[in-house]
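Before any comments, here is the structure.
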Amino acid sequence: MILKGRRKIVTEFTSSDLENVENLIDFINSTIDVHEHNSMEIDYLIQYYRGIQPVLDREKSVREEINNKVVINNAQMITRNVIGYFLGNPIQYIQAGADKKLQIDELNKYVSYEDKSSTDKQIGEYQSICGTAYRIIYTDGALADEIPFEDNALDPRHTYVAYENNIGEKPVAGVSYFTILNNDGSIKGYKMYVYLEAGMYVFELDENKKLDLNTEINWLPYAIGGVPIIEYPNNQWRIGDWEMVLGLMDTINNFYSGRIDDIDQVVQSLLVFINADIDGETYDEMREKGVVLLKSKAGEQSKVDSITTNLDQNGMHSLAEELSALLTMLVGIPDRNNRAGGGGDTGQAVELRDGWADLEVVARNKEIVFKKSEKQTLRIILSILRNKLGFDLSLMDVDIKFTRNKNNNLLVKTQAYQNLLTTKTLSPEDCLTIVDLVSDVNEYISRGKTFWGEQFAGVQDNLNQVDVQKKDSEI
């Protein structure tokens, strides 16, 4: 299967157009086919990630009884490394302008209570595997708790978002559906939810997923500031992190399967009886007893030999390392084969040599796309909090911060920070930002000022020195 990313679903309808049932019917019937194609590809990628890969259907025409099927699940390894690095720490909301730190702290407590970081990880994994992912934000219903919103990731095989077919590409509707099963476990139909800005449609479909005027459709109005299903594409083309190297991963699986076949064929090598007439019954008896008895014909010597054709395992090892290095280079994750240890290079040299800098590039590219969707999520959350709890935060007051490990090259960063401070041309905030030492500069500066008081970053010493210089100039 050749995969080139998921298709973006667009429509000629606007969100207000879909408040008309006839338009809704046309919308579903015109978009569901594109989604079905995406869903088929997404299911293939999910099964591939789970280890159900083409090598399991491998066939051999010669010595078909020796047919090892080895799955080297590089797909799982790539997703684990990328998402662990990208979303290993929870996303934080920090103040972007006005002093609303207390409310932003409350916002972080609310999303932490709702385990948003766990949902973020689910979305990140779907992004990495499928090329796109979906989140839903909705108000509490019967199971209401202290926090007035809920946050869940949706299966991209059963979810899609449609956009206006114009330059703005505004989200028109989010669609999610679930299977309805018969008593024997077969699919009876589907229950579909269509979320608009003003409300939600709920109805049931048959197994063909086609909607008509005879379908019973229920309408539930709401006002939460937008379409509550938000798409999180992995990139512009909705391509997964390892989708473009499927062929290379299949080659690695076939390669290792062939190497194991070679070992088995040596152990189970074919025997050749030269100048000896051995029937099947005699051969079976010899195998059972472990003894070979041969009678030489007159003038001809009888012997037993084996047919062996061994692969050059040293050459195979070099090829295996080359394939592994090519894979890690293409997907942008660190390579363990460059050097196991030793050497005098450290810090930035190691990051560049072993591929950690490439992984940082991958994470930054994903971060830019993720943040765009995260703003839509934050807009819905703030709208719910504004209506339920009287929050006065706006999207302009909040910045989205992705936190990753800042301890690499710690000595170099602290030395650079100290050197920048001694120039007495930059503020501590600017110095921390330049050396990339912490994730939330404002938070660290605030705590530092509270703890150190007048001694903070040598500010008082600098002021005293300025006073002395002024007095000297006056004299």
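Tabulated values for the structure
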| item | result |
| --- | --- |
| Pairs with Cβ under 7 Å, 6+ apart, first in the stretch 69-95 and among the basic types (K, R), second outside any loop (DSSP other than H, G, I, E, B) and surrounded by fewer than 17 Cβ atoms within 10 Å (Cβ to Cβ) | K69/L56 |
| Selection count where residues are in a helix (DSSP H, G or I), more than 37 Å from the chain's Cα centre (by Cα) and either at pLDDT below 80 or farther than 21 Å from Q95 by Cα (or both), scope the stretch 421-475 | 25 |
| When residues of the stretch 116-141 are limited to those that are at pLDDT 95 or above and acidic (D, E), the one surrounded by the most Cβ atoms within 10 Å (Cβ to Cβ) | D120 |
| Members of the stretch 116-141 that are in a loop (DSSP other than H, G, I, E, B) and more than 19 Å from L378 (Cα to Cα) | G131, G141 |
| Of the criteria (1) surrounded by 14 or more Cβ atoms within 10 Å (Cβ to Cβ); (2) more than 17 Å from V111 (Cβ to Cβ), which one R379 fails | (2) |
| Only one of D120, D105, D33 that is touching a helix residue (DSSP H, G or I) at 6+ places or on another chain (Cβ under 9 Å) and among the acidic types (D, E) | D120 |
| Selection status of E150, touching a residue at least 12 places away in the same chain (Cβ under 8 Å) and either in a loop (DSSP other than H, G, I, E, B) or in contact with a helix residue (DSSP H, G or I) (Cβ under 7 Å, 6 or more places away or on another chain) (or both) | no |
| Residue under evaluation A96, criteria (1) of a type outside the set (S, T, Y); (2) surrounded by 14 or more Cβ atoms within 10 Å (Cβ to Cβ); (3) touching a Lys or Arg at 6+ places or on another chain (Cβ under 9 Å), criterion not met | (3) |
| Strands (runs of 3 or more DSSP E) (entirely within the stretch 178-252) containing at least 1 residues that are modelled with pLDDT under 95 and over 28 Å from N20 (Cα atoms) | 187-195 |
| Breaking point among (1) touching a strand residue (DSSP E or B) at 6+ places or on another chain (Cβ under 9 Å); (2) open to solvent by 20 Å² or more (accessible area, probe 1.4 Å); (3) of a type outside the set (A, V, I, L, M, F, W, C), for N38 | (2) |
| I384 being at pLDDT below 85, more than 27 Å from the chain's Cα centre (by Cα) and in a helix (DSSP H, G or I) | no |
| Among the residues listed as E374, E322, the single one being assigned to a helix (DSSP H, G or I), open to solvent by less than 60 Å² (accessible area, probe 1.4 Å) and either modelled with pLDDT under 70 or not β-branched (V, I, T) (or both) | E374 |
| Some residue of the stretch 253-260 being in contact with a helix residue (DSSP H, G or I) (Cβ under 7 Å, 6 or more places away or on another chain) and either small (G, A, S) or open to solvent by 60 Å² or more (accessible area, probe 1.4 Å) (or both) | yes |
| Residue count, the stretch 387-420 (criterion: part of a helix (DSSP H, G or I) and either within 23 Å of the chain's Cα centre (by Cα) or aromatic (F, W, Y) (or both)) | 1 |
| Pairs, first under 16 Å from N29 (Cα atoms) and open to solvent by 60 Å² or more (accessible area, probe 1.4 Å) in the stretch 180-199, second of a type in the set (F, W, Y) and assigned to a strand (DSSP E or B), C-beta under 7 Å, six or more apart | K191/Y177; K191/F178 |
| Index of the failed condition, V82 passing every other in (1) at pLDDT 95 or above; (2) surrounded by fewer than 20 Cβ atoms within 10 Å (Cβ to Cβ) | (2) |
| Qualifying residue in the stretch 7-16 (condition: touching a His at 6+ places or on another chain (Cβ under 9 Å), basic (K, R) and either touching a residue at least 40 places away in the same chain (Cβ under 8 Å) or over 30 Å from G168 (Cβ atoms) (or both)) | yes |
| Residue pairs meeting the criteria (Cβ under 6 Å; at least 6 apart or on separate chains; first at positive phi, in the stretch 157-170; second of a type outside the set (K, R) and open to solvent by 20 Å² or more (accessible area, probe 1.4 Å)) | E169/Y163 |
| Residue selected from the stretch 99-114 under the condition acidic (D, E) and open to solvent by less than 80 Å² (accessible area, probe 1.4 Å), by the criterion nearest to the chain's Cα centre (by Cα) | E114 |
| Single match in A144, A173, A162 (criterion: in a loop (DSSP other than H, G, I, E, B) and either open to solvent by 10 Å² or more (accessible area, probe 1.4 Å) or at pLDDT 95 or above (or both)) | A144 |
| The stretch 46-69: number of residues that are of a type outside the set (S, T, N, Q), in a loop (DSSP other than H, G, I, E, B) and either under 16 Å from W242 (Cβ atoms) or open to solvent by less than 40 Å² (accessible area, probe 1.4 Å) (or both) | 4 |
| Test: residue in the stretch 346-366 that is among the hydrophobic types (A, V, I, L, M, F, W, C), exposed (fewer than 13 other Cβ atoms within 10 Å of the Cβ) and modelled with pLDDT under 90 | yes |
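The values are calculated or read from the model by the stated rules, or taken from the named source; none is laboratory data. Since the structure is predicted, the reported quantities are computational estimates derived from the model, not experimental observations. Every residue, glycine among them, receives a Cβ derived from its backbone with ideal geometry; neighbour counts consider all protein chains shown. Quick note on the areas: whole protein, heavy atoms, side chains included, nothing else; ligands and nucleic acids left out. Shrake-Rupley method; radii C 1.70, N 1.55, O 1.52, S 1.80 Å.
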